[in-house]
Amino acid sequence: MAKANKKTKRLIIRAVVLILLALAIIFSIVSKDKVKVLEVGDKAPDFELVDLEGNKHRLSDYEGQGVFLNFWGTWCPPCKKEMPYIEDYYKEFTDKGVHVLSVNVGEPKLKVESFRNQYDLTFPVLIDKTKDVKEAYNIQPLPTTFLIDKNGKIVKILKSEMSKEEIKSYMESIQP
Amino acid sequence: MSKIKCQCGHENPFGTVLCEACGRPLTEEAEKSQVVDMRYEGSARRSQTYNKSIIDKIWNFFSSVKVGVSIIVAVLVTSAIGTIFPQKLYAPVTSVNATDAEYLAYYEKTYSFFGTLYYKLGFYDMYNSWWFKILIGMLGTSIIIASVDRVVPLYKSLKKQRTKRHVSFMKRQRIFGEGKAADPDESLMKAEAALKEMKYNVKMEDGAILAEKNRFSRWGPYVNHTGLIIFLFGVLLRGIPGFYVDETMWIREGELRNVTGAPGYFLKSKDFKLETYTKEDANAVFGEALDRNGPIVKNFQTDVTLYKEKEGSLPGSEDLEYVKDYSIVVNKPLKFDGYNVFQMDYRLSELKSMTMQLIEKSTDKSFGEFTIELDDPKGTYELDNGAKVELLEYYADYDGIKDGEPVSKSPIPNNPAFIFKMTTPEKPKGEKSFVAIQQTLETEENAYKVKFVSADTRDISGFTIRKDKTLYILLLGGIIFMIGVIMGSYWNHRRIWIQKGADQQLLVAAHTNKNWFSLKKELNAVKDASELPAYMDRQDKESKDERQEGAES
């Protein structure tokens, strides 16, 4: 009896050691990013930016609503393409509880203003002057869009240009 | 599993070669041999004991030294292949966020077929490839399991060894001698004294002596392995966010921006300095060298101010508090909160601002100058005599006209272009013109133009941001590794057995894990002091090839 006990104990110890070592190997393969990268399902980090009119916007102000968070630059061609489509659905979806926040990554105010006027954008345009929010959201390519649901959770991260239909369906997906 | 019961009554685990207690050979092979294999004291490797479930089989696989050595060879070979062509990090690919296709193109272009193969097999980024990580992981597994399987039985058998060994054990030692002594008891007493003199631990019982020295050196390889495992563990920790940061960033003079990789911290660059040696501060010899080689850099320096986001404030709020001013010089990094910011690179003379003047074309009369700050241009510039220039559009990196409108290919002012509206009392409606470097476009003939006067530039500093919380773990691992190496290299485990046989006989045997010469020297001293019988070194006689028992590591 004692012998059988010893055997199971040994088997368990060996199994645990082997599993731990296997997990260590898997961990080393999976962990590619040294910095915590936002993923779908994470809570979207709160931020505070000022729009072109000088109004402060906080992400947490829009709790209970869906947020369509778009990072862009005036010099990036796909950003220019998708902006009018976002504008098209902005009005419609504001009433349905989906809010558009567009964040320009660190460009001069004059430039952003002329861009907004050129495309007749009516949604809030924020400038991330110190690129702090860009860092918090690990933005690499522009445009990048975060879909955030009413609980402040990230539903989807889009790292490329969106078509008009896609924008509509994405906005629908975060409708509260 | 069955135990092996020795004639002396001791129960040995399955797989034992020499009885843990008395040293009798337990296998046929050991019995036949002239000199027994003393590796691990002839104890059973733990893994040999059982071989039933899949867990045991995997365990036994990693327990094998052959497997361990094969893994080491595999790591060596792949590492060597990884040095044939440059690694991804050193591949001269232009853009910062280069895509995989760009890397493939580089390897294909530069090294043709083998380059493609190199890329496809993952050698171009070997240290991050899954197979290399698995190899290292297997190496770590092998080190742990093989060590545990050996050190425990070795420890047990060294602890259990009896003073009086069986004659068959004595006879099979590499150093062995027997002969008649005038007075065996007195010889033993004298030998004991002589051995104690030489700092041996001497046990005497039942007409037998066991003298032992430096047993701890047998633990050297295992201490060494422990150090390696700690080292590998430290490297593994680098994968956890917050333990290891290695980032780069560019910052322009006057710019305030967040520190890449250090959330919540901001840097403002006040000035970048590049100083060269001048002839005045160099003596005659260096003066000549300066003439020959041209300017030599004395100092790269960025004067910065560090800010921290206030407690509880949000990203983007710019609610900052001053931390400190610092001059970052090569090898003198800015240090804060575990981070080190190093001066690594620089770019000189990026356009910062442009000064223009508005003139009347026909008379060259100037309405005054105005300066456009390129990173924050203003909309309207008021000039003399009621004239003004409005900046309607600004293109930082002008790249021609596409689809009827000017485009900028990046937000960096490499090639600024502007659309101005010029208003003067004579032309209250204003005239528009497009101005790029060495180029002015007008929709219709204008009476006025904006003329470039001068430009101001600024420098950009390139920093590397590093944080390494694992450094002390790696250091600890390295120190333990070295302690293990020293333990095993500079001390040897020596044992001398002397016992009385029948009929006034004395038997002498000795063993060491390395450095047999010194053992023999000490044994000679004992022999001379206590009239022991002559011994012989069988391996010396049988073959000159002195086998080192260093294979234990």
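General observations
- Residues in the stretch B:249-290 that are hydroxyl-bearing (Ser, Thr, Tyr) and within 14 Å of chain A (Cβ to nearest Cβ) were compared, and the one that is farthest from A:Val133 (Cα to Cα) is B:Ser269.
- Residue within the stretch B:295-306 that is touching a residue at least 24 places away in the same chain (Cβ under 8 Å) and farther than 14 Å from B:Lys273 by Cβ present: yes
- The listed residues are B:Tyr339, B:Tyr326, B:Tyr381, B:Tyr307, and the only one of them that is within 14 Å of another protein chain (Cβ to nearest Cβ), open to solvent by less than 80 Å² (accessible area, probe 1.4 Å) and touching a Ser or Thr at 6+ places or on another chain (Cβ under 9 Å) turns out to be B:Tyr381.
- If you go through the stretch B:413-445 and keep only what is in contact with a Leu (Cβ under 9 Å, 6 or more places away or on another chain) and assigned to a loop (DSSP other than H, G, I, E, B), you end up with B:Pro413, B:Asn414, B:Pro416, B:Thr424.
- Each residue in the stretch B:229-249 was checked for being crowded, with 16+ Cβ neighbours inside 10 Å and part of a strand (DSSP E or B), and 4 of them qualify.
- Evaluating A:Leu49 against the criteria (1) within 11 Å of another protein chain (Cβ to nearest Cβ); (2) open to solvent by 10 Å² or more (accessible area, probe 1.4 Å); (3) hydrophobic (A, V, I, L, M, F, W, C) leaves one unmet condition, (2).
- Residues of the stretch A:52-63 classified as of a type in the set (Ser, Thr, Tyr) and away from chain B (no Cβ under 11 Å), total: 1
- Of all residues in the stretch B:441-461, those satisfying the criterion of being under 24 Å from B:Ser349 (Cα atoms) and surrounded by fewer than 17 Cβ atoms within 10 Å (Cβ to Cβ) are B:Lys451, B:Phe452, B:Val453, B:Ser454, B:Asp456, B:Thr457.
- Filtered by the rule that a residue be in contact with a helix residue (DSSP H, G or I) (Cβ under 7 Å, 6 or more places away or on another chain), surrounded by fewer than 22 Cβ atoms within 10 Å (Cβ to Cβ) and of a type in the set (D, E, K, R), the stretch B:5-25 gives a lone residue, B:Arg24.
- Hits in the stretch B:145-160 (condition: open to solvent by 50 Å² or more (accessible area, probe 1.4 Å) and within 13 Å of chain A (Cβ to nearest Cβ)): B:Val148
- A:Glu92 being more than 11 Å from chain B (Cβ to nearest Cβ), within 15 Å of the chain's Cα centre (by Cα) and exposed (fewer than 15 other Cβ atoms within 10 Å of the Cβ): no
- Hits in the stretch B:472-530 - residues which are hydrophobic (A, V, I, L, M, F, W, C), open to solvent by 60 Å² or more (accessible area, probe 1.4 Å) and at pLDDT 90 or above: B:Leu475, B:Leu476, B:Ile479, B:Phe481, B:Met482, B:Ile483, B:Ile486, B:Trp491, B:Phe517
- Any chance A:Glu48 is among the acidic types (Asp, Glu), without any contact (Cβ under 8 Å) to a residue 24 or more places away in the chain and at negative phi: yes
- Condition met for B:Tyr277 (within 17 Å of B:Lys335 (Cβ to Cβ) and either in contact with a His (Cβ under 7 Å, 6 or more places away or on another chain) or surrounded by 15 or more Cβ atoms within 10 Å (Cβ to Cβ) (or both)): no
- In the stretch B:124-149, the residues that are out of contact with any helix residue (DSSP H, G or I) (no Cβ under 6 Å at 6 or more places or on another chain) and at pLDDT below 90: B:Tyr127, B:Asn128, B:Ser129
- Positions within the stretch B:462-479 being among the small types (Gly, Ala, Ser) and under 30 Å from B:Asp345 (Cα atoms), in sequence order: B:Gly462
- Residue within the stretch B:135-143 that is open to solvent by 30 Å² or more (accessible area, probe 1.4 Å), away from chain A (no Cβ under 14 Å) and either of a type in the set (Gly, Ala, Ser) or in contact (Cβ under 8 Å) with a residue 60 or more places away in the chain (or both) present: no
The values are calculated or read from the model by the stated rules, or taken from the named source; none is laboratory data. Everything numeric here is computed off the predicted structure, so don't read it as measured data. Neighbour counts run over all protein chains shown; Cβ positions are idealised from the backbone, glycine included. Areas reflect the complete protein model, heavy atoms only, side chains present, ligands, DNA and RNA absent. Shrake-Rupley method; radii C 1.70, N 1.55, O 1.52, S 1.80 Å.
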